[in-house]
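Student: Shown below is the structure under consideration.
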Amino acid sequence: MIKKAIAKKHIHCASSPISDEQIQPASMDLRLGAKAYRLVSSFLPEFHSVIEKLHTPDAYGSDLVMYETDISNGGILEKGHVYLIPIMEELDLPKNVHGRANPKSTTGRLDVFARILTDRNPRFDDIAAGYKGQLFVEVMPRSFTINVKQGLSLVQLRLMQGDCTLTDAGLKALNKSSRLLYNGDNHLGADDVRISKGLFMSVDLSGDNNSGIIGYRSKKNSHVVDLTKKNHYRIGDFWDPLPKNSKGTLILEPEEFYILSSKEKIRVPPTYAAEMVAYEAGSGELRTHYAGFFDPGFGYGMKGEVNGTKAVLEVRAHDVPFMIADGQSFCKIFYENMSEMPEKVYGPKIGSSYQYQSITLSKQFKAL
């Protein structure tokens, strides 16, 4: 269906053909354009086009743009600064089709805040039904200064018709038929799974069996991360490992960035996709992910041959130090119906990087 949308020019790019490598089981990778705007601040266009808003004088008599930089052959985005980058692809959606954007897994694990803007829209990442026009991605590296280039993908696009989210009753039935959560090799049945406006998962602070590491915290000062590199950087130059303790707890310091993992292993059957809720207000003043979309087949395979995969959690506490404990309810997952079975599902055959992950950093870092 994504290929048909491209053929009908609902998704199109004048400067470079859209490649098959961009098409994922339930989404499409969007490519960075050649120019990046360094902004004074983030913004939403609401009643204007994005370009109009960029160059509309503000209360101080200047526009939002500090300067422009060419990233066609590579360019530096500084930690803590806000950038806006036009996307190579544009949209001309049918009136009954709307969109949703998510950061890619690697983007989230690098603590790169990335979200899509569209013209005359008061919300990030939501693309209105029938939208016609350009796409822009706002990028703010929070832990590391990064090197990007034209054609690199930081975000992915999903297209939807109507409401495709499963109800709690549907989730309970799906867990019974398709075994959505595992603890080790043991399926979690109805009595062991918490479902309430979504499927709850907990945090694992028991530690890796061999290393005893429960996660990582980003270092405050480190070198540039080139997003075009794979298996390139030493973990210790950018991350502090977090060892488990006898109490099975961890205090999250405000505004520090952590990589943790779920206690349970999750499965997403091929006719479904799943998304993690960024904030669960009742669970504390913290964000539990920045890239929480799971493609069909994640932790499942094509025929149920995978007994689940742990979810990696990209965590930042706000306002106050916050103690978490091993097995504590930590995040919530929504499942969504796919319109049809994808030709290929998530896994090594399509170059997926995280099908058998545990506490896994982004692919730029060398495996332990």
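Student: Taking θ as phi - 60°, what are the ³J(HN,Hα) couplings along the range 226-238 by the Karplus curve (6.51, -1.76, 1.60), each to the nearest whole Hz, with x for Gly and Pro?
Tutor: 8, 6, 7, 7, 10, 6, 10, 9, 6, 4, x, 6, 10
Student: How high is the relative contact order of the range 287-335, in percent, counting Cα pairs under 8 Å that sit 6 or more residues apart?
Tutor: In percent, rounded to a whole number, it is 43.
Student: Pop out the ³J(HN,Hα) list for the range 89-94 in order, Karplus 6.51 cos²θ - 1.76 cosθ + 1.60 with θ = phi - 60°, rounded to Hz; leave Gly and Pro as x.
Tutor: After applying 6.51 cos²θ - 1.76 cosθ + 1.60, I find 7, 10, 10, 8, 7, x Hz.
Student: Per 0.36 nm of contour for each residue apart, how much would the distance between Phe124 and Lys176 grow if the chain were fully extended, relative to their Cα-Cα spacing? Let's see the in-between values first.
Tutor: Values: separation 52, 0.36 × 52 = 18.72 nm, distance 3.50 nm.
Here the segment from Phe124 to Lys176 would lengthen by 15.2 nm.
Student: Considering Cα pairs under 8 angstrom that are at least six residues apart, work out the relative contact order of the range 150-243 and quote it in whole percent. Mind showing how you got there, number by number?
Tutor: Working: 69 pairs, mean separation 19.1, N = 94.
Answer for the range 150-243 is 20 percent.
Student: Given the C-alpha centroids of the range 310-329 and the range 111-164, what is the distance between them in whole angstrom?
Tutor: 25
Student: Separate question: Computed FRET efficiency, Cβ-Cβ of Lys303 and His223, R0 56 Å: what is it to the nearest 0.05? Let's see the in-between values first.
Tutor: Details: r = 43 Å, r/R0 = 0.78.
Efficiency computed from Cβ-Cβ geometry: 0.80.
Student: What number does the range 111-180 give for Rg over Rh if you use C-alpha atoms and the Kirkwood radius?
Tutor: Computed over Cα atoms, the ratio is 1.11.
Student: A further question on this structure: So which of Lys104/Lys172; Lys9/Lys219; Lys35/Lys104 end up more than 32 Å apart by C-alpha? Walk me through the intermediate numbers first.
Tutor: Details: Lys104/Lys172 28 Å; Lys9/Lys219 44 Å; Lys35/Lys104 20 Å.
Lys9/Lys219, as the Cα separations exceed 32 Å there.
Student: Take the solvent-accessible surface of the protein heavy atoms, probe 1.4 Å, and return the percent of it on the range 108-189 that carbon and sulfur atoms account for.
Tutor: Percent of accessible area from carbon and sulfur atoms in the range 108-189: 44.
Student: Go through the range 101-178 and name the trypsin sites (Lys or Arg not before Pro) that are in a DSSP coil and have 14 or fewer other Cβ atoms within 10 Å of their Cβ. Don't skip to the end; give the middle numbers.
Tutor: Numbers: sites: Lys104, Arg109, Arg115, Arg120, Arg123, Lys132, Arg142, Lys149, Arg158, Lys172, Lys176; in loops: Lys104, Arg120, Arg123, Arg142, Lys149.
Counting only loop positions with at most 14 other Cβ atoms within 10 Å, the trypsin sites (Lys or Arg not before Pro) in the range 101-178 are Arg123.
Student: Could you sort Thr107, Thr228 by their accessible area in this structure, using a 1.4 Å probe and putting the largest first? If you can, show how the numbers build up before the last one.
Tutor: On the way: Thr107 5, Thr228 70 Å².
Listed by decreasing accessible area, they come as Thr228, Thr107.
Student: Next question. Students often get this wrong, so check it: of Lys8/Lys303; Lys197/Lys263; Lys132/Lys230; Lys303/Lys366, which have C-alpha atoms separated by over 26 Å?
Tutor: Pairs exceeding the cut-off: Lys8/Lys303; Lys132/Lys230; Lys303/Lys366.
Student: Mind checking the per residue accessible area of the range 51-189 for me, 1.4 Å probe, whole number of Å²? Show your work: numbers first, answer last.
Tutor: On the way: 6150 Å² over 139 residues.
Per residue, the range 51-189 has 44 Å² of solvent-accessible surface.
Student: Roughly speaking, what is the centre-to-centre gap between the range 182-260 and the range 25-59 when only Cα atoms are used, to the nearest Å?
Tutor: 32
Student: Relative to the present Cα-Cα distance, how much length would full extension add between Asp20 and Asn73 at 0.36 nm per residue of separation? Could you put the intermediate results ahead of the total?
Tutor: On the way: separation 53, 0.36 × 53 = 19.08 nm, distance 2.23 nm.
Taking 0.36 nm per residue and subtracting the Cα distance, the gain is 16.8 nm.
Student: Efficiency by 1/(1 + (r/R0)^6): what FRET value for Arg142 and Asn186, r their Cβ-Cβ distance, R0 = 41 Å, to the nearest 0.05? Numbers along the way, then the final one.
Tutor: Numbers: r = 37 Å, r/R0 = 0.90.
Computed FRET efficiency for Arg142 and Asn186 comes out at 0.65.
Student: Continuing with this model, one more query. Could you tell me, in Å, what Rg and Dmax come out for the Cα atoms of the chain?
Tutor: Considering the chain through its Cα atoms, Rg and Dmax are 20.4, 62 Å.
Student: Hey, another quick one. Round to the nearest 0.05 the FRET efficiency obtained for Ser211 and Lys132 when R0 = 45 Å and r is the Cβ-Cβ distance.
Tutor: FRET efficiency, Ser211 to Lys132: 0.30.
Student: Further question: Normalised by the number of residues in the chain, what is the relative contact order in percent for Cα pairs under 8 Å and 6+ residues apart?
Tutor: 17
Student: Where the accessible area of the range 14-77 is counted over protein heavy atoms with a 1.4 Å probe, how much of it, in %, is carbon and sulfur?
Tutor: Ligands and nucleic acids excluded, carbon and sulfur give 52 percent.
The values are calculated or read from the model by the stated rules, or taken from the named source; none is laboratory data. None of the values given here were measured: they were computed from a predicted structure. We place every Cβ from the backbone using ideal geometry, glycine too, and count neighbours over all the protein chains shown. Accessible surface areas use protein heavy atoms only, side chains included; no ligands, DNA or RNA. Shrake-Rupley method; radii C 1.70, N 1.55, O 1.52, S 1.80 Å.
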